[in-house]
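A short write-up of the structure that comes next.
Since every read-out is calculated from the coordinates, none of them should be taken as a lab result. Everything numeric in this text was worked out from a predicted model, so none of it was measured. Here the Cβ positions follow ideal geometry from the backbone for every residue, glycine too, while neighbour counts run over all protein chains shown.
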Amino acid sequence: MKINILHDHIDPAMGGIENTSFYLLSELHKTMEAEGFAMTRENGYVLPNVCYSACQGARFKKERMRWLSGRCRQDSEAVNIAMNWYSAMPCLLNRLMYGNEYIVLAHGNEVYFPKETIKGIAQKIQYLKRRLATKIFFDHALCVCCNSKYTEGLVRQITGKCHTRIIHPGIHFKETGEVCSDPNMILSIGRLVERKGFQFVIRALPGLLRDHPKLKYYIIGDGPYRSDIEKETAAYGLTDHVVLLGAVSEKMKNDYLEKCAFLIMPSLDLPSQNSVEGFGIVYIEANMYGKYVIGSDSGGIRDAIAKPVYGALLEQVTAASTEQAIQKVLDHYDDLYTKDKIAMRKEWARQHGFAEIARQYLTVIQDNRESQGEKNDCHRFNLFRHRRNSK
């Protein structure tokens with residue numbers, strides 16, 4: 001089987017979909033011919049099986065289409081993977097031209113279409129265009145792979161015709177040693193946006209510091225909400241207890257995951273900003289180090305924190321609920337870090353290693369091809385094949 005992966009950037013340093021693209025392609029390439037097409041990135045993260053383009057915008061899309069068509073023309077049985085629906089257009093066109101099947105990944109925000117954000121005719125037209133384009137790409141896909149049950153529900157609101165399968169995001173899994181935590185070190189990792197809820201941890205700190213004066217809160221990540229976090233930190237007089245680390249290397253991130261007492265990311269649903277947490281891979285990364293996590297019952301986070309032993313889910317995100325959840329961890333710290341519970345978290349993380357995730361994608365492709373074999377033979381539209389047969 002040959003597989004082609006499409007995304008603008010295939011780069012683990014960028015996180016999210018870009019990280020998934022990189023490691024998924026790396027794993028697939030170990031057992032089959034798997035290639036990708038992406039924009040050039042000069043940061044050392046390159047793969048020999050990726051064709052890099054220095055172009056951007058329309059020129060990049062044109063080059064990508066030419067590259068994919070060349071591969072599909074050579075092998076109509078090759079399967080294309082669009083890492084989100086924005087990358088699905090060349091996959092759909094090559095399905096029409098050469099009969100190549102494709103799958104699309106759904107992550108959350110890009111299929112989140114809350115009507116609360118629509119104001120005026122122009123936005124309504126844009127909203128309808130996006131929903132229609134998404135529906136078309138999904139309906140013609142072999143399968144839409146959703147990162148959580150929540151995201152699958154969003155896809156089902158767009159169309160009920162497509163086949164869906166839930167495959168969680170993967171991590172670059174590695175075996176980790178014994179847990180050696182600093183019980184006074186709270187950690188958050190994520191882009192600094194309002195949705196991540198880091199501001200509620202800051203608001204919870206004054207109450208916690210009365211009983212735990214040595215607590216320090218470290219935040220890894222950068223983004224447009226940084227100035228708001230800095231203002232809140234100063235307003236609460238917490239400059240000695242809140243440390244904004246900004247963007248850090250993968251090694252430094254792992255060092256903090258290894259040292260922290262626990263990880264917290266109390267994310268919010270923000271329909272007004274078209275923003276929702278589709279899954280939350282950072283919880284799994286923390287579990288890899290045996291760490292307990294605190295999240296919220298928002299979006300697809302329940303899929304990531306699937307059992308109480310992995311972490312806690314806040315029903316509502318407020319300063320009071322956040323303080324209560326942190327206090328509970330600190331009060332029961334030793335009980336949360338028994339050998340059995342640490343082992344269960346690490347095993348949960350191991351199940352999200354990219355080797356396992358790649359196997360799941362291959363299973364999806366094979367299962368859907370088999371179950372839809374006759375249907376695909378009847379309905380697959382190969383434009384050039386029809387032209388040849390009509391001569």
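Listing for the model above:
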read-out	value
Residues Cys180, Cys145 arranged by fewest to most Cβ contacts within 10 Å	Cys180, Cys145
Mean Cα-pair separation over length for region 185-350, i.e. relative contact order, pairs under 8 Å, 6 or more apart, %	24 percent
Share antiparallel - DSSP beta bridges, the chain, percent rounded to 5	5 percent
Derived scalar couplings ³J(HN,Hα) [region 212-219; Karplus, 6.51 cos²θ - 1.76 cosθ + 1.60; whole Hz; x for Gly, Pro]	9, x, 8, 4, 9, 10, 9, 10
Unsatisfied cross-links (Cα-Cα over 18 Å) in the set Lys291/Lys341; Lys307/Lys341; Lys259/Lys307; Lys307/Lys346; Lys291/Lys328; Lys30/Lys346	Lys259/Lys307; Lys30/Lys346
Descending semi-axes in Å of the chain, equivalent ellipsoid built from Cα gyration tensor	41, 22, 19
Ala343-Leu209 pseudo-label distance in nm [points 7 Å out on the Cα-to-Cβ vector]	4.1 nm
Inter-centroid distance (Cα atoms) of region 317-336 relative to region 1-77, Å	43 Å
Straight-distance crosslink candidates among lysines, where the alpha carbon sits under 19 Å from Lys161 and sequence neighbours closer than 8 are dropped	Lys129, Lys135, Lys149, Lys375
DSSP-loop GluC sites (Glu not before Pro) across region 82-191, with at most 12 other Cβ within 10 angstrom	Glu175, Glu178
log₁₀ of I(q)/I(0) at q = 0.11, 0.19 Å⁻¹ - region 185-350, Debye sum with one point per alpha carbon	-0.40, -1.31
P(r) weight above 21 Å for region 121-217, C-alpha pairs, percent	63 percent
Aspartates and glutamates with Cα under 19 Å of Lys124, excluding same-chain neighbours fewer than 8 positions away	Glu110, Glu116
